[in-house]
1. Hey, any hits in the range A:70-90 for a residue that's outside the structural domain of residue A:201 (by TED's automatic domain parsing) and part of a strand (DSSP E or B)?
2. If I filter the range B:49-60 for residues that are out of contact with any strand residue (DSSP E or B) (no Cβ under 6 Å at 6 or more places or on another chain) and without any contact (Cβ under 8 Å) to a residue 24 or more places away in the chain, do I get at least one hit?
3. Has the range B:186-193 got any residue that is more than 20 Å from residue B:64 (Cα to Cα) and crowded, with 17+ Cβ neighbours inside 10 Å?
4. Out of the range B:102-122, which residues are in a loop (DSSP other than H, G, I, E, B) and farther than 30 Å from residue A:15 by Cα?
5. Looking at the range A:196-211, is at least one residue surrounded by fewer than 14 Cβ atoms within 10 Å (Cβ to Cβ) and touching a residue at least 40 places away in the same chain (Cβ under 8 Å)?
6. Pick from the range A:8-23 the residues that are under 25 Å from residue A:129 (Cα atoms) and away from chain B (no Cβ under 14 Å): which of them is surrounded by the most Cβ atoms within 10 Å (Cβ to Cβ)?
7. Residue A:49 passes all but one of (1) crowded, with 20+ Cβ neighbours inside 10 Å; (2) away from every other protein chain (no Cβ under 14 Å); (3) touching a helix residue (DSSP H, G or I) at 6+ places or on another chain (Cβ under 6 Å); which number fails?
8. Can you confirm whether residue B:125 is surrounded by 15 or more Cβ atoms within 10 Å (Cβ to Cβ) and in a helix (DSSP H, G or I)?
């Protein structure tokens, strides 16, 4: 008799080779499965994420699930696991879920945040948490460009070329761009995201904000359905998997893994 | 003919074995001297800090000086050096100073800040930037204890036992304790600080804030002039050398290395 448990997970991706297990590399999955193995007295427990994150990418609200023979009160899972985890991964909350629940297939929306440090000088304390862009950005131009991406489109231009997916049609519900202090914050909410989709969208919109492309170019790039038409991929270290949404909320704190204090 | 140059330096101490050069270890001094050597075409240039910082300790406003045969406009030093430095050290500003200026001997006051993350759960993004204290703290108790340390005292109880200094008498001008969001911020300004003085003061005051010592104990500890009388040394990673003051301000931004945005 196995119990399916879902975990809300926060991590600083700086010191990881991404989520997925790789031999001889430090990964999120590797660390969590190692911690679960300790609690299960050596038994291997496979975890399943809502989506894999790349090297350097962070998470405020990643969701994973696994099956366990143990009957542990969900309130006790975080403390048990956090005691076995390094201090750049934290289990925020745990919940018992149905046997057929799946973090990836059942997610209905995802929220990604991308942080850009936009000032003349870099900041040693945010070097791994925000993409440093020293030149002036016009947020009105960025927003005008972003408007062409809202709604349902084939996002082939904003996806790595070798992606193995049936359809590259996705729906982008929200693409907000705001200034918070010396940062520009991109918030994207959609039904699903292709590989590197957020980073290519942000990289291309930053070219618009810097005046190197016109906002109308974004419509042309979108319609080209060709990765080569878009701009540079923004680096992973500015990206945060912020929240994963399900038909029914799983966690008490509604999937926002922490307060909004900038780290 | 040598020119003496002072630099305002910011660093994230997380990945360093402190300031002072050590063989086979990554240090602030080692990295800055390496960068200076590149700019001086291999010539070794010795730097002198206002004070050495320990492993894990950060700086918003460290000040160093060095002598150079080069005549470079001060405004151009930061860019030249930052191009040769890793991204966890940044030269904020440079200034030409008198030949007899010394960052350490001429400093009249120093400002240290200590950050405590005071909430139930740790934060993966601040694991190296604030000391995590999960239990409840009474700021009124901390402030009542702190009052006993203001002014001129023999701070032997708040200094590592093997410190090689003539006098352990120092003057503490300011010891403020404030809550900022989920953090407790200690700001200490004094004419000089003994080795580990800030960290032992903070560690002892946290014991007062947690109810394990009475505020009046601080006067008794102070008068004991014995390290064993005080509490635990708070860890280095919560400590920031915030600003160094001189009779005449050296830098345009007055030594505050950056804005007050929490990192």
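1. Yes, the conditions are met somewhere in the range A:70-90.
2. Checked the range B:49-60: no residue is out of contact with any strand residue (DSSP E or B) (no Cβ under 6 Å at 6 or more places or on another chain) and without any contact (Cβ under 8 Å) to a residue 24 or more places away in the chain.
3. yes
4. We begin by selecting, within the range B:102-122, every residue in a loop (DSSP other than H, G, I, E, B); these are B:102-106, B:118-122.
Selection gives B:102, B:103, B:104, B:105, B:106.
5. Yes, that holds for at least one residue.
6. Narrowing the range A:8-23 to residues under 25 Å from residue A:129 (Cα atoms): A:8-22.
After this cut, where a residue has to be away from chain B (no Cβ under 14 Å) as well, the list is A:17-22.
Numbers: A:17: 17, A:18: 19, A:19: 26, A:20: 14, A:21: 18, A:22: 13.
Here the residue is A:19.
7. Against the list (1) crowded, with 20+ Cβ neighbours inside 10 Å; (2) away from every other protein chain (no Cβ under 14 Å); (3) touching a helix residue (DSSP H, G or I) at 6+ places or on another chain (Cβ under 6 Å), residue A:49 comes up short only on (3).
8. Values: surrounded by 15 or more Cβ atoms within 10 Å (Cβ to Cβ): yes; in a helix (DSSP H, G or I): yes.
So residue B:125 fits the description; yes.
The values are calculated or read from the model by the stated rules, or taken from the named source; none is laboratory data. Keep in mind it's a predicted model, so treat the numbers as computed, not measured. Cβ sites come from the backbone with ideal geometry, for glycine too, and all protein chains shown count toward neighbours.
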